[in-house]
1. Just to verify a result, which residue in the stretch A:62-117, among those that are of a type in the set (Asp, Glu) and farther than 24 Å from A:LEU270 by Cα, is farthest from the other protein chains (Cβ to nearest Cβ)?
2. If B:ARG435 meets every condition in (1) more than 12 Å from chain A (Cβ to nearest Cβ); (2) assigned to a loop (DSSP other than H, G, I, E, B) apart from one, which number is that one?
3. Tell me, please, whether a residue that is more than 7 Å from chain B (Cβ to nearest Cβ), without any contact (Cβ under 8 Å) to a residue 60 or more places away in the chain and surrounded by 17 or more Cβ atoms within 10 Å (Cβ to Cβ) can be found in the stretch A:168-180.
4. Pick from A:ALA261, A:ALA273, A:ALA269, A:ALA265: which is among the hydrophobic types (A, V, I, L, M, F, W, C), touching a Gly at 6+ places or on another chain (Cβ under 7 Å) and surrounded by fewer than 20 Cβ atoms within 10 Å (Cβ to Cβ)?
5. So the check is Cβ under 7 Å with 6+ separation or different chains; which pairs have a first residue in the stretch B:183-194 that's within 10 Å of A:VAL440 (Cβ to Cβ) and a second one that's aromatic (Phe, Trp, Tyr)?
6. Checking A:ASN132 against (1) at pLDDT 95 or above; (2) of a type in the set (S, T, N, Q); (3) outside the structural domain of A:LEU248 (by TED's automatic domain parsing), only one condition comes out false. Which one?
7. If A:GLU218 passes every condition in (1) within 11 Å of another protein chain (Cβ to nearest Cβ); (2) surrounded by 18 or more Cβ atoms within 10 Å (Cβ to Cβ); (3) in a loop (DSSP other than H, G, I, E, B) but one, which one does it miss?
8. Which residue is farthest from A:LEU399 (Cα to Cα), if the candidates are limited to the stretch A:326-375 and must be of a type in the set (Asp, Glu) and in contact with a Ser or Thr (Cβ under 9 Å, 6 or more places away or on another chain)?
There are 2 protein chains.
Amino acid sequence: MSIMRILAKDVAQAAQDLGTDGMSGGAVEVELKGWVHRIRDMGGVVFIVLRDRSGLVQLVLDKDPDLTLESVISVKGTPALNGKAPGGAEIRVHDLECIARAAGDLPYQVNGDSAKTGLEAILDNRGLSLRNPKIKAVFTVQATVIEAFSAYLRSQDFTEIKTSKLVGNSTEGGSELFEVAYFDRKVYLAQSPQFYKETMVASGMERVFEAAPAYRAEKHDTPRHLNEYISLDVEMGFIDSERDLIELEKGLLTYIFEETARKNAAELALWSAAVPNADAVSRSPTVSYEEAVKIAGAESAKTGGGRIFDITPEAERFLCSWSLREYGSDLLFVNEFPRRYRPFYTYPLDASRTMSFDALFRGLEITTGGKRQHDYQAFLDVLPKFGLKAENFTNYLTLLKYGCPPHGGFAIGCERLTSRILGIANVKEASLFPRDRKRVEP
Amino acid sequence: MSIMRILAKDVAQAAQDLGTDGMSGGAVEVELKGWVHRIRDMGGVVFIVLRDRSGLVQLVLDKDPDLTLESVISVKGTPALNGKAPGGAEIRVHDLECIARAAGDLPYQVNGDSAKTGLEAILDNRGLSLRNPKIKAVFTVQATVIEAFSAYLRSQDFTEIKTSKLVGNSTEGGSELFEVAYFDRKVYLAQSPQFYKETMVASGMERVFEAAPAYRAEKHDTPRHLNEYISLDVEMGFIDSERDLIELEKGLLTYIFEETARKNAAELALWSAAVPNADAVSRSPTVSYEEAVKIAGAESAKTGGGRIFDITPEAERFLCSWSLREYGSDLLFVNEFPRRYRPFYTYPLDASRTMSFDALFRGLEITTGGKRQHDYQAFLDVLPKFGLKAENFTNYLTLLKYGCPPHGGFAIGCERLTSRILGIANVKEASLFPRDRKRVEP
């Protein structure tokens, strides 16, 4: 039984049996297993805070059990109400077994304030830092994000797919690909499931999603980038424009936020975080790229900042503050991106603009998406304009040649969304085992 | 609206409105979008079978629309009952638009019998072969397997994790690892999330699962192997022995089978397949490795086969037939594997045997699992017996040094389970974009 079930059920039972200040009389006995989070020896009485997957509870012992912090123990005892204990209750222990004694030279202070630990120490000691309740909360929330992402899309008739992460050619953006020695040839780690999710739409599944790793061999080290990240990918057929995708993403984010609020209130509280409600999401504006640059420029001018020519990270922050002030939502969508900023397969709006969009949330781009070119001849025609050769796109051309519906999709960066929900400064903190230019351990 | 919703709702409505043999009078109009699956020109009347993500429906036109197979069309029409049409209904079309015309040189016959197409043709033309309803059904079932796997484990308080697929060292089984050029160093594609899922158990999540790619650089090309596969991984803390894991897997498989039967009756029918019911799963026996070798040997002798010394693929088939005959279940568990067949971190039962198991289903091993060594000193002691050096296991040693509970887990090969559910001979057919020694396209 977990701590939270004990607190929810057996303590209530104990309170009924014993009265609100009642000491245990043996009426209820519980067994708990977990980690020694804190030890306080008051002389005569010893308090231990026990931690399991569900939370923390105070144990009361009448003699020193000679334990080290982080040891794994099993205890039997009777619950009792105690307004001064965390959670309002404690367990009076009459039986304790040490299952796995932790060495005394703990290299990371699990029960400390994680905000006071540097990022490198947190990541170097990942197995231990993840035991800190506030750090663990990041990944409880992330699991909810992934679960809600999947559940919402299934409710909209989307099918989950699992596509290969090894691709045979490097025609698109070769410089940002990691090379894999694959028997007697070279292949590459997929930057995104783009071609595969489009293939699945055209194969007749029409609506597909995938939550899987994606790889970018980018050399820069910023609080926004990971070389391996979880891409929450969506693709659907029979859309008219990117506006259909923006509507889908609004519904999807609303559900993700609602589920996070419903399931992870304790985790949000640890980060002093709150998610936008459905109302706020529905108010989120969509502005064109051109408008967005103007808005960001005006915001920058107000604060005495420099001119804005592009949707830079700084502009993303300005746009979110503007949206929050004007619409009560720090989520917004920027569409109609110029041709030059989008991949060749992006569907044109006109000669210079595309049917594509970004989603910005709390100052950070969390999504890129758009309608794709589905017409065989138009695709062939656009390749030379990007300096590309048809012979390197035979898979794409086969996809489009035999009946491909209008379609489009988007990808949400899972670590970025998680970090924005909780207010985490560096996206690496929202990756269990982050990979950057220097880090491949643990 | 999808075909199946039309058939379920509007046709019933049409039947009410129009009588069972009623021709449409315009009372109900539907719009459908999909692919031209089949065309039959009867002179005067043209029948088209339209395919969308949900199924097939017959369209009736009074003139030849000049379409090619696999073109994407949009139609408006009125549904009517017709006992001779597939699904018992048809759509009398009064408006048809061709959205994306397919070229006439279709290299794969989508509406043919997929059983008559060779595996290479199916995989070379993956984008087209996936349009075949029977082939598509494989991945509808696979999506259910993954969904049910996740849902069941969440119901048992497991948390979904996403771990890195890039590992910095090759200490465990280096010869079967794919090497990745990672900036100025070499890293490897993870063979399994073994270390990471153990880390997450010890980090206090206690119960975790992951559905993600895993990589084996094995050179052999068999109907049982993929170089990239989807590993359905489970790990849990506070177990006594591998028997706890076998019980968990029985519950998990029962739920996966129930959900497949409930959601994918049409897909199972296309493959003439059925899943075991809860009763059959509960009857599945667990036999020790030693017993299993004897049983397989006796079965082999009965059929005039050779002697059996080991759980070979042939022995797996014998064991499943035996289990089906004796227990009415072609699922069984083999536990107590000898030390020499298991990784060094497997928990010992005694000097020669381990607390580990395989699950065999319909003649194929679908799972390997076991309890892991959680004791720091015992782990240190076992390394030299396997010719391994402690200095190469610093991450593992840190994991065990600071309070690691008894734990264990298992992994189900997703493509293997899918193929056994449907009776697919080669596991490559149960991978959307399979990778083998020669294939990295499409």
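The values are calculated or read from the model by the stated rules, or taken from the named source; none is laboratory data. Keep in mind the model is a prediction, meaning the values are calculated, not measured. We place every Cβ from the backbone using ideal geometry, glycine too, and count neighbours over all the protein chains shown.
1. Taking the candidates together, the pick is A:ASP62.
2. (1)
3. Going through the stretch A:168-180, the residues more than 7 Å from chain B (Cβ to nearest Cβ) turn out to be A:169-177.
Keeping just the survivors that are without any contact (Cβ under 8 Å) to a residue 60 or more places away in the chain gives A:170, A:173-177.
Checking the rest, the ones that are also surrounded by 17 or more Cβ atoms within 10 Å (Cβ to Cβ) come to A:177.
Looking through the stretch A:168-180, at least one residue is more than 7 Å from chain B (Cβ to nearest Cβ), without any contact (Cβ under 8 Å) to a residue 60 or more places away in the chain and surrounded by 17 or more Cβ atoms within 10 Å (Cβ to Cβ).
4. Every option except A:ALA273 fails the conditions.
5. Taking only residues 6 or more apart or on different chains, the pairs are B:TYR188/B:PHE178.
6. Going through (1) at pLDDT 95 or above; (2) of a type in the set (S, T, N, Q); (3) outside the structural domain of A:LEU248 (by TED's automatic domain parsing) one by one, A:ASN132 breaks only (3).
7. The single condition A:GLU218 does not satisfy is (2).
8. Per the stated criteria, the residue is A:ASP330.
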